[in-house]
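Participant: Before I ask anything, here is the structure I am working with.
The values are calculated or read from the model by the stated rules, or taken from the named source; none is laboratory data. Quantities reported herein were computed from a predicted structural model and do not represent experimental measurements. A quick note on method: Cβ atoms are made from the backbone with ideal geometry, for glycine too, and the neighbour counts reach across all protein chains shown. These area figures cover heavy atoms from the full protein model, side chains too; ligands, DNA and RNA do not enter into them. Shrake-Rupley method; radii C 1.70, N 1.55, O 1.52, S 1.80 Å.
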Amino acid sequence: QVQLVESGGGLVQPGGSLRLSCAASGSIFSANVMGWYRQAPGKQREMVATRTFSGMTNYADSVKGRFTISRDNGKNMLYLQMNSLNPEDTAVYYCTARFPSHESWGQGTQVTVSS
(Lines give C-alpha, C1' and ligand atoms only; values in the text may rest on other atoms or scores of the structure.)
Protein backbone atom coordinates (compact mmCIF):
# COMPACT_ATOMS: atom_id res chain seq x y z
CA GLN A 1 0.00 0.00 0.00
CA VAL A 2 1.07 3.57 -0.62
CA GLN A 3 2.16 5.41 2.51
CA LEU A 4 1.40 9.09 2.99
CA VAL A 5 3.43 11.55 5.06
CA GLU A 6 2.25 15.07 5.77
CA SER A 7 4.47 18.05 6.53
CA GLY A 8 4.27 21.80 6.75
CA GLY A 9 2.15 22.23 9.83
CA GLY A 10 3.04 24.55 12.67
CA LEU A 11 2.08 27.62 14.65
CA VAL A 12 0.86 30.63 12.71
CA GLN A 13 -0.78 33.89 13.67
CA PRO A 14 -4.33 34.70 12.60
CA GLY A 15 -4.33 35.98 9.05
CA GLY A 16 -1.20 34.05 8.19
CA SER A 17 -0.56 31.31 5.66
CA LEU A 18 0.77 27.78 5.61
CA ARG A 19 1.37 25.26 2.89
CA LEU A 20 0.86 21.62 3.77
CA SER A 21 2.52 18.90 1.75
CA CYS A 22 1.72 15.22 1.47
CA ALA A 23 4.37 12.90 0.11
CA ALA A 24 3.36 9.49 -1.19
CA SER A 25 5.72 6.51 -1.03
CA GLY A 26 4.58 5.36 -4.45
CA SER A 27 2.75 6.47 -7.51
CA ILE A 28 -0.48 8.38 -7.00
CA PHE A 29 -1.35 8.09 -10.67
CA SER A 30 -4.11 5.60 -9.93
CA ALA A 31 -5.58 7.49 -7.00
CA ASN A 32 -9.07 8.49 -8.07
CA VAL A 33 -9.40 11.07 -5.33
CA MET A 34 -6.94 12.69 -2.97
CA GLY A 35 -7.81 15.06 -0.21
CA TRP A 36 -7.24 16.78 3.07
CA TYR A 37 -9.28 16.24 6.20
CA ARG A 38 -8.90 17.79 9.63
CA GLN A 39 -9.85 17.01 13.18
CA ALA A 40 -10.02 19.60 15.91
CA PRO A 41 -9.98 18.64 19.60
CA GLY A 42 -13.34 17.25 20.65
CA LYS A 43 -14.71 17.32 17.12
CA GLN A 44 -15.23 14.79 14.37
CA ARG A 45 -12.90 14.55 11.43
CA GLU A 46 -14.17 16.69 8.58
CA MET A 47 -13.40 17.06 4.90
CA VAL A 48 -11.42 20.16 4.03
CA ALA A 49 -10.70 19.73 0.33
CA THR A 50 -10.59 16.98 -2.27
CA ARG A 51 -9.25 16.75 -5.78
CA THR A 52 -9.96 14.07 -8.34
CA PHE A 53 -7.46 12.75 -10.85
CA SER A 54 -9.21 14.79 -13.54
CA GLY A 55 -8.83 17.97 -11.51
CA MET A 56 -12.29 18.42 -10.02
CA THR A 57 -12.09 20.02 -6.60
CA ASN A 58 -14.43 20.24 -3.65
CA TYR A 59 -14.01 22.44 -0.60
CA ALA A 60 -15.69 22.74 2.75
CA ASP A 61 -17.73 25.93 2.91
CA SER A 62 -15.59 27.16 5.80
CA VAL A 63 -12.42 27.20 3.68
CA LYS A 64 -13.70 28.22 0.25
CA GLY A 65 -11.75 31.15 -1.11
CA ARG A 66 -8.97 30.68 1.45
CA PHE A 67 -7.58 27.20 0.81
CA THR A 68 -6.36 25.69 -2.44
CA ILE A 69 -5.68 22.00 -3.04
CA SER A 70 -3.25 20.93 -5.72
CA ARG A 71 -1.76 17.69 -6.88
CA ASP A 72 1.48 16.83 -8.67
CA ASN A 73 1.23 13.32 -10.05
CA GLY A 74 4.78 13.45 -11.37
CA LYS A 75 6.19 14.10 -7.91
CA ASN A 76 3.61 11.99 -6.07
CA MET A 77 2.66 15.00 -3.98
CA LEU A 78 -0.49 16.64 -2.71
CA TYR A 79 -0.56 20.17 -1.36
CA LEU A 80 -2.87 22.43 0.58
CA GLN A 81 -2.24 26.15 0.45
CA MET A 82 -3.96 27.80 3.38
CA ASN A 83 -4.38 31.57 3.50
CA SER A 84 -6.17 33.92 5.88
CA LEU A 85 -5.98 31.37 8.64
CA ASN A 86 -8.11 31.85 11.73
CA PRO A 87 -8.19 30.07 15.10
CA GLU A 88 -11.08 27.88 13.91
CA ASP A 89 -8.64 26.28 11.46
CA THR A 90 -6.63 24.82 14.32
CA ALA A 91 -6.63 21.05 13.92
CA VAL A 92 -4.63 18.03 12.91
CA TYR A 93 -4.66 17.85 9.13
CA TYR A 94 -4.63 14.49 7.37
CA CYS A 95 -3.86 13.58 3.81
CA THR A 96 -5.79 10.77 2.16
CA ALA A 97 -5.73 8.98 -1.17
CA ARG A 98 -8.35 6.63 -2.56
CA PHE A 99 -6.99 3.93 -4.82
CA PRO A 100 -8.98 1.23 -6.63
CA SER A 101 -7.74 -1.37 -4.12
CA HIS A 102 -7.38 0.59 -0.90
CA GLU A 103 -7.51 3.91 0.87
CA SER A 104 -4.45 5.44 2.51
CA TRP A 105 -4.22 7.97 5.32
CA GLY A 106 -1.27 9.86 6.67
CA GLN A 107 -0.44 10.33 10.34
CA GLY A 108 -1.41 13.98 10.32
CA THR A 109 0.28 17.32 10.87
CA GLN A 110 -0.73 19.82 13.53
CA VAL A 111 -1.81 23.31 12.51
CA THR A 112 -2.27 25.84 15.29
CA VAL A 113 -3.54 29.33 14.60
CA SER A 114 -3.00 31.58 17.57
CA SER A 115 -1.64 34.97 18.47
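Participant: Would you please give the residues with an amide H less than 5 Å from that of PHE67, counting only those at least 5 places away or on a separate chain, with H modeled from the backbone geometry?
Facilitator: ASN83
Participant: Need one number: nm distance between label points at SER54 and GLN3, each 7 Å from Cα along Cα→Cβ, rounded to one decimal.
Facilitator: Label-label distance for SER54 and GLN3, simple model: 3.4 nm.
Participant: Rg/Rh for the stretch 20-87 to two decimals, with Rh computed the Kirkwood way over all alpha-carbon pairs.
Facilitator: So for the stretch 20-87, dividing Rg by the Kirkwood Rh gives 0.98.
Participant: Mind checking Rg over Rh on the stretch 1-45, alpha carbons, Kirkwood formula for Rh?
Facilitator: Here Rg/Rh amounts to 1.04.
Participant: First compute the accessible area of the chain with a 1.4 Å probe, then give the percent of it belonging to carbon and sulfur atoms.
Facilitator: 47
Participant: Could you order peptides 82-88, 66-72 by the average number of other Cβ atoms within 10 Å of their residues, highest first?
Facilitator: So the order, starting with the most tightly packed, is 66-72, 82-88.
Participant: Let me ask something else. Which whole-number value in Å² is the accessible area per residue of the chain, probe 1.4 Å?
Facilitator: Solvent-accessible surface per residue comes out at 52 Å².
Participant: Further question: Give me Rg/Rg_expected for the chain, where Rg uses Cα atoms only and Rg_expected = 2.2 N^0.38 Å with N residues.
Facilitator: 1.00
Participant: The stretch 13-54: which chymotrypsin sites (Phe, Trp or Tyr not before Pro) are DSSP loop and have at most 12 other beta-carbon atoms within 10 angstrom?
Facilitator: The qualifying sites are PHE29.
Participant: Using Cα pairs closer than 8 Å and at least 6 residues apart in sequence, work out the relative contact order for the chain, in percent.
Facilitator: 38
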